[in-house]
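As structure tokens, the structure follows; a few thoughts come after it.
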Amino acid sequence: MREFMTLIGQIFFISLVQTIVEVFLDTEKRSQQIRIINIACIMGSIYLLLQFVFGYILQEITSIVTMPF
């Protein structure tokens, strides 16, 4: 549960930074930069989520289910 709360905190921090950067940039003049920032934040969140899944969830599932091979 501690790892899950850390994951939620990290994703919240990414979204907070994304919101702050969007406020400081003029969205009408710099739409390309906003799009790049949004893609970077989404990719960062997906990376953290995949890291959590492969590090904790799959480890727990494999400890519960024993494979015959």
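Could you provide, to the nearest whole Å², the per residue accessible area of the chain with probe 1.4 Å?
Here the residues of the chain average 86 Å² of exposed surface.
Can you compute the helix-only [θ] at 222 nm over the chain? Use -39500 (n - 2.57) per DSSP H run of at least 4 residues, normalise by all residues, nearest 500 deg cm²/dmol.
So the calculated ellipticity at 222 nm is -25500 deg cm²/dmol.
What is the angle, in °, between the Cα long axis of helix 2-24 and the longest principal axis of the Cα atoms in the chain? Nearest 10 is fine, range 0 to 90.
Helix 2-24 sits roughly 10 degrees off the main axis of the chain.
Using only the alpha carbons, work out the radius of gyration and Dmax of the chain in angstrom.
17.2, 59
Please give the FRET efficiency for L50 paired with L25, using the beta carbon to beta carbon distance and R0 = 25 Å, rounded to the nearest 0.05.
About 0.35, to the nearest 0.05.
Each label point is 7 Å from the Cα along the Cα-to-Cβ direction; what then is the distance between the points at Q33 and V65, in nm?
Taking the simple label geometry, Q33 and V65 are separated by 4.8 nm.
The values are calculated or read from the model by the stated rules, or taken from the named source; none is laboratory data. Here the structure is a predicted model, which is why all the values come from computation and not from measurement. Note that each Cβ is placed from the backbone with ideal geometry, even for glycine, and that neighbours are counted across all protein chains shown. The protein model used for the area step is the full one, side chains on, heavy atoms only, and it has no ligands, DNA or RNA in it. Shrake-Rupley method; radii C 1.70, N 1.55, O 1.52, S 1.80 Å.
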